[in-house]
Structures are given as C-alpha cells and as structure tokens.
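What follows is a single structure, written as structure tokens, with notes after it.
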Amino acid sequence: MTNEAAIGYALLAAKKMGLSKEDLKRLEAIMYSYLDLVTEEEAEELYRRN
C-alpha cells in the first residue's frame with residue numbers, strides 16, 4: 001500500500017466521522033510527518049495494541 005492510499009483511507013474514515021475540512025487537512029499533514037518518523041512495523045504494532 002502506498003502512503004497516499006493509507007492517508008486516503010484515514011481521510012475517508014475521518015470524513016465519515018464528520019471532521020471539518022480544516023481538521024482533514026491537519027490530519028493529512030500529521031500523517032505525512034508520521035510516515036517519515038514511524039516504521040510500518042511500529043505502526044502495525046500500535047494498531048494491534050489499540
């Protein structure tokens with residue numbers, strides 16, 4: 001999966017939750033920064049623990 005696809009899925013879910021356009025832009029920016037800071041394995045582990 002590409003980074004863009006992962007962010008797209010998150011944005012779809014956030015839209016479904018009713019987040020504002022401003023919050024969607026903020027989510028996108030935060031996700032891009034984490035894609036550079038956290039490995040896929042670390043992200044998967046976080047998902048499994050949540």
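Bear in mind that the values in this text are calculations on the coordinates, not laboratory data. Predicted, not measured: the structure shown is a model, and the values here were computed from it. Heads up, the Cβs are rebuilt from the backbone with ideal geometry, glycines too, and the neighbour counts pull from every protein chain shown.
In a DSSP loop and with at most 10 other Cβ atoms within 10 Å, there are no chymotrypsin sites (Phe, Trp or Tyr not before Pro) in the stretch 1-38. Can you list the aspartates and glutamates whose alpha carbon is less than 20 Å from that of K25, not counting same-chain residues fewer than 8 positions off? K25 reaches E4, D36. Charged side chains reduced to their Cβ positions (Lys and Arg at +1, Asp and Glu at -1) give the chain a dipole of some 400 debye around its Cα centre.
Placing a pseudo-label 7 Å from each Cα along the Cα-to-Cβ vector at T2 and R49 gives an inter-label distance of 3.1 nm.
Neighbours of E42 by Cβ distance under 15 Å: Lys/Arg scored +1, Asp/Glu scored -1, total -3. For the chain, the longest principal axis of the alpha carbon atoms and the long axis of helix 21-37 meet at an angle near 10°.
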